Each structure stands twice: as structure tokens, then as C-alpha cells.
Amino acid sequence: MPAATATPETRIPGRIELFLTYLKIGLLGFGGVAAWARHVIVEERRWLTERDYAQILGLGQVLPGPNVGNAAVMIGRRFHGLTGALLATAGIYAAPLCILVGLCLLYDRYGQLPQVAPVMEGIAAAAAGMVIGTAFKMTSRLKLEPEALLILLLAALAAAMLRLPLPLIVLVLAPVSIACALRRARQAGEEPSGARTR
Amino acid sequence: MSLLLQILLTFSILSLLAVGGANAVLPEMHRQVVELRGWLDDATFAQLYALAQAAPGPNILVASVMGWRIAGVAGMAMATLGMLAPAAVLAWGMAGLTHRLRGAPWLKPAQAGLVPVAIGLILAAGITMAQAAHSHGVPMLLIVAASTLFVWRTDRSPLWVLAGGGIIGALLL
């Protein structure tokens, strides 16, 4: 039995598509690779629903390593096992690594990077908006419960304003959030509200 | 122990500490690479961090740049492998675990519980980037706001706002 039974609105990628798509995500991921990964996987290619992707990303977030990199391993495995995990991982890091080697060579030769600062700063500002917009979009599409929204805001506040260490934030908020979600599920009880999950 | 093995080992440990990605582990990376091992000085560490930010992709690749500076191409390979492999193996194991437990009634709610934390931290990353953009002038915040609305309210490719941001940056700054 395949690991991923696609719902009507999603489709399963082939191995080559998996690699090429992650190659694209890595290449485009200036500043906000999480935003690009979501856009390409959920909106453009439709491999996963918003909810499935968010849950994989959530797991990727609490594990060490970049959330999108962890998600690449899990999504690759889901579609094509070990080959898929390796292909997705190779894809997401290949282009950035090549560009980094180029930058390192320039750095070794000139001791600094060529000055394209204003353009890069404009792109960085737009990338900031892209990342914020992605968070808003996921929130509005997932229709989070009030307590989940509160946890979302607390996590954002703790990281962006209080500058608390991320492991600490995850360690405190993840168990609370899981407890809330489990309580909701228990309250929903035998109501067939979960029956939509096919 | 050879230098390359030390690099591999150091970054493997950092990999397992990197809950939340590269920025979470940056202080510990600095402690290991600059203070304990003395592989890089303070100024070089900061410059290499900026260099890594200029490339696309997950910013965990800052480790690769450090490896390069410490021991050339082989150092880069060791640092990259060390930084990526342990976390990837854990993610692989976690994917297997969730697949095996997929019938358990508590799994979906538990996973759903992680979603707000993940989105909150994405939002935080965006706010931090916006604060950095603000330091280049108030007009930058208009780009942030416009880009936020565009990505939130439309399904078009974000490439449009990135290109637009670059053009406005070139004109304004």
C-alpha cells in the first residue's frame, strides 16, 4: 500500500519531479525558503493539502535542523521512500551549495562581496513580507481554534520580540499546544466531524 | 584526531542542537568555532554569516561556509555533512514513526498541536526580517506591507514581489 493515498485534489509526484521541484525551491528560497516551499508544494504542484503540509512542517519544526529540510526528508519518504528522501534533500541543498561555493571563491579573492546592496535590501524587504504573508495565509486557510491562535501569537512574540531561544519556545509551547489539540479532539468525541478525512 | 574529523564531529553535535534552524544554534556555533576551537576569529565569523545569508536556501548552510574557511573544500563537505545528516536521519525516523502510528486516534490532534508553533515561528522570522529591513529606511516597511498583502491575498508567484522589491530598492536607496 502506498504511503500516500492522494485525495482528489492532490497528486503524487514522480521521482524526477520530486528532485526538480526541490531544486527550484532551494534556488528560489532567498530569505524565506519556508514560504517558497509551501507555495510550490501546496499551491503550484498540489502534492499536499494545506493541512497535511502544515502538519509535516510542524513535525519538522520541533526536530533539530531546518524545518523545511526536515519536511523535505519526510515528504520525499512519503512519496518514494529512501530514494525520495535523498532526492528531495539533494534537490533543496544543491543549488544553494553551488552558489555558496561561488560566493566563497569571490570572498577569497576580494575579501568582500560585490556591492549590489540597494537591490538586495529591496528584495530582503519583499522577502520579509513574503514570509509574514505566508504565515497569515496558512493561518486563515487552516481555520485555527482560538487557543491555537493564541499559541501562534505567543510563539511569534517570544521569538521576534523577546528574542528567547527557539528550543526553549518549542519546549514550552509545543506540549501546551498538543495538550490543547488533544483536549479539543476529546471534546469533539464521537461526533463524526473527523469523518471528512476520507 | 584530524581536523576534518573534528569539523565533522563539531557540526554533527550542532546539528542535533539546532531546534528551530540555524539561528537557534548560532550562539553555540560561535562558542564552538570561535571560543573553544579557535578556528575563526570574531570578525570572520560575522562576515561568513552575512555571506551565507546572501545565498538562497536554508540558512543552515552557514555551516558549509564556516567549513570552507576552516579547511577548504574538504572542510566544507565535512561541515555540510555534519550539519545535515544527523537531523535528516531524525526526520527520517520521525516520518517512519508517524507512518507506523497513523491509526492511533491521538496522532492527528498531536500533530495538529505543533502547527500553531510552526506558523508562529515563521511569522517571527518574517518580523525579524522586517525589523532588519526597517533599519534601511521607512520606505522599506511599505515594501514589506505590500509584499505581505500580495502573498496573503493572492495565489500568484511570490517571484513578482521579490522582483518588485529589488526594483524599488534600486530606485529608492
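The values are calculated or read from the model by the stated rules, or taken from the named source; none is laboratory data. Since this is a predicted model, take the numbers as computed values, not measurements. Cβ: placed from backbone, ideal geometry, glycine included. Neighbour counts: every protein chain shown.
Per-residue answers, yes or no, for (1) polar (S, T, N, Q); (2) under 29 Å from residue A:56 (Cβ atoms); (3) touching a residue at least 24 places away in the same chain (Cβ under 8 Å):
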| position | (1), (2), (3) |
| --- | --- |
| B:102 | no, yes, no |
| B:105 | no, yes, no |
| B:142 | no, no, no |
| B:154 | yes, yes, no |
| B:164 | no, no, no |
task: Give just the number: which of (1) under 25 Å from the mean Cα position of the chain (by Cα); (2) part of a loop (DSSP other than H, G, I, E, B); (3) among the aliphatic types (A, V, I, L, M) does residue B:104 not satisfy?
output: (1)
- prompt: Taking the stretch A:57-90, which residues are under 15 Å from the mean Cα position of the chain (by Cα) and more than 7 Å from chain B (Cβ to nearest Cβ)?
  reply: A:71, A:72, A:75, A:76, A:88
Index of the failed condition, residue B:115 passing every other in (1) under 27 Å from residue A:100 (Cβ atoms); (2) facing chain A (nearest Cβ under 7 Å): (1)
statement: Checked B:83, B:129 against criteria (in the same structural domain as residue B:7 (by TED's automatic domain parsing), hydrophobic (A, V, I, L, M, F, W, C) and touching a helix residue (DSSP H, G or I) at 6+ places or on another chain (Cβ under 9 Å)); the one match is B:83
task: Answer yes or no as to whether residue B:65 is modelled with pLDDT of 90 or more, within 15 Å of the chain's Cα centre (by Cα), at the interface with another protein chain (Cβ under 7 Å from one of its Cβ atoms) and crowded, with 19+ Cβ neighbours inside 10 Å.
output: yes
query: Among the residues of the stretch B:51-61, is there at least one that is over 23 Å from residue A:36 (Cα atoms) and in a helix (DSSP H, G or I)?
result: no
statement: Counting only residues that are closer than 22 Å to residue A:108 by Cβ and free of Cβ contacts under 8 Å to residues at least 40 places away in the same chain, the stretch B:7-29 contains a total of 1
statement: When (1) in contact (Cβ under 8 Å) with a residue 24 or more places away in the chain; (2) of a type in the set (Lys, Arg); (3) not assigned by TED's automatic domain parsing to the domain that holds residue B:17 are applied to residue B:69, the one that fails is (3)
message: Of everything in the stretch B:73-102, what is under 11 Å from residue A:70 (Cα atoms) and among the charged types (D, E, K, R)? Give them in sequence order.
response: none
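So that you can scan it fast, the table gives a plain yes or no per residue for (1) under 30 Å from residue A:172 (Cβ atoms); (2) among the charged types (D, E, K, R); (3) at pLDDT below 95:
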{"position": "A:25", "(1), (2), (3)": "no, no, yes"}
{"position": "A:30", "(1), (2), (3)": "no, no, yes"}
{"position": "A:33", "(1), (2), (3)": "yes, no, yes"}
{"position": "A:43", "(1), (2), (3)": "no, yes, yes"}
{"position": "A:52", "(1), (2), (3)": "yes, yes, yes"}
{"position": "A:63", "(1), (2), (3)": "yes, no, yes"}
{"position": "A:99", "(1), (2), (3)": "no, no, yes"}
